[in-house]
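Here the structure comes first, spelled out in structure tokens, and everything after it is commentary.
The values are calculated or read from the model by the stated rules, or taken from the named source; none is laboratory data. This structure is a prediction, so every number in the text was calculated from the model and none was measured. Heads up, the Cβs are rebuilt from the backbone with ideal geometry, glycines too, and the neighbour counts pull from every protein chain shown.
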Amino acid sequence: MGGSKSHDTVRVDAHQPLCETDVVAFFDSLRDRGSIEQMFEFLPDVSFYIKDRQCRWMACNAWATQSLNYRDRAEILGATEFDFFPRQIAEKIYEDDQRVMATGVRLLNRIEVITSESGHLVWVSTNKVPLFDRGGKVVGLMGITRRISASTELPAGFQSFRAAINYIQDRLGAKIRIDDLAALSNLSTSRFRRRFRMLFHLSPREFILRTRLQTAARRLSTTRDPIIYIALDCGFSNQSYFTAQFRAFFGTSASASSRRRRSRRRRLTRRSSNRDGVSRRGLD
């Protein structure tokens, strides 16, 4: 009456706690469980991945693909860390993954400095949780590795090493003195060495060498620059010393590593192209 309009109202009941079966039923009702992992496609600087019990990559987002220097995630699926990283690093990741799956204990907020896809040092935080099947058996894990801001997100214990890490990055091709790194961290040299090893599980000298080798390895796999140029740019005084250190760390020669990485990339790219071709023919 009098021009008044009626409006439909939505009745919201008071909050009632849900039991676990209600939550399970909700997710089971979703198609593909809602494809929740798709949300990670919209998060920059976050690598998302799912691995099976054998630590094979079963799913990942675009950022994870890019961070490993691949163009198509189909090139990654079924691979393990041993296909991406030198054995020393791959073994450490494998041990962490197996520990999470064997114990069911989550790995939370591990802070590390890694070499990025562009060869720069970046700070990251890693979290991993076990995945269970419907019977409660661990069948894999899910994890994220997120780049963090050194200026705002580093825990207090790591803050004093920011300047030293930046210095290593900026002077990777030059001589780096541990005394200078200690001074940048406002620590004595002996205390700097102890605290650095405690936090990074490497001595400062081992960290510098590993960073140089990983940076060189990325250039070997993505460019055709002569080995001697790469060695000198990464702080090695001569090619023979570089090749000896490279073999000791990666378990193979620099030239063989470069050929194998390019060969694997070509093989996986062909496999991806063949799969796409089959899919297109199925649509014809």
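Can you tell me which residues in region 63-75 are over 12 Å from the mean Cα position of the chain (by Cα) and either at pLDDT 90 or above or not in a loop (DSSP other than H, G, I, E, B) (or both)?
If we filter region 63-75 for residues that are over 12 Å from the mean Cα position of the chain (by Cα), which is where we start, we get 70-75.
Scanning region 63-75 gives R73, A74, E75.
Is it fair to say M142 is assigned to a helix (DSSP H, G or I), of a type in the set (A, V, I, L, M, F, W, C) and surrounded by fewer than 19 Cβ atoms within 10 Å (Cβ to Cβ)? Talk me through it step by step, then tell me what you get.
Working: assigned to a helix (DSSP H, G or I): no; of a type in the set (A, V, I, L, M, F, W, C): yes; surrounded by fewer than 19 Cβ atoms within 10 Å (Cβ to Cβ): yes.
Spelling it out, it is not the case that M142 is assigned to a helix (DSSP H, G or I), of a type in the set (A, V, I, L, M, F, W, C) and surrounded by fewer than 19 Cβ atoms within 10 Å (Cβ to Cβ).
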Among N166, N186, which is over 19 Å from I111 (Cβ atoms) and either among the polar types (S, T, N, Q) or not assigned by TED's automatic domain parsing to the domain that holds F250 (or both)? N186
Would you check if there is a residue in region 156-167 being modelled with pLDDT under 95, among the hydroxyl-bearing types (S, T, Y) and more than 26 Å from R87 (Cα to Cα)? yes
Within region 176-183, is there a residue that is assigned by TED's automatic domain parsing to the domain that holds E81 and farther than 30 Å from Y229 by Cα? no
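So if I check each of L172, L141, which one is assigned by TED's automatic domain parsing to the domain that holds A59 and of a type outside the set (K, R)? Write out each step before concluding.
On the way: L172 fails: assigned by TED's automatic domain parsing to the domain that holds A59.
Unique residue meeting the criteria: L141.
Would it be correct to say that A216 is surrounded by fewer than 16 Cβ atoms within 10 Å (Cβ to Cβ) and within 16 Å of A231 (Cα to Cα)? Talk me through it step by step, then tell me what you get.
On the way: surrounded by fewer than 16 Cβ atoms within 10 Å (Cβ to Cβ): no; within 16 Å of A231 (Cα to Cα): yes.
No; evaluated as a whole, the condition is false for this residue.
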Tell me, yes or no, whether region 44-56 has at least one residue that is more than 27 Å from F246 (Cβ to Cβ), modelled with pLDDT under 90 and part of a loop (DSSP other than H, G, I, E, B). yes
Determine which single condition Q245 fails, assuming it passes every other condition in (1) more than 22 Å from T126 (Cα to Cα); (2) assigned to a loop (DSSP other than H, G, I, E, B); (3) polar (S, T, N, Q). (2)
Of (1) within 29 Å of R247 (Cα to Cα); (2) in a strand (DSSP E or B); (3) not charged (D, E, K, R), S125 fails just (1)
Take the residues in region 91-119 that are among the charged types (D, E, K, R) and in a helix (DSSP H, G or I), then tell me which one is farthest from A156 (Cα to Cα). E91
Identify the residue in region 145-177 that is assigned to a helix (DSSP H, G or I) and aromatic (F, W, Y) and, among all such residues, is surrounded by the most Cβ atoms within 10 Å (Cβ to Cβ). F158
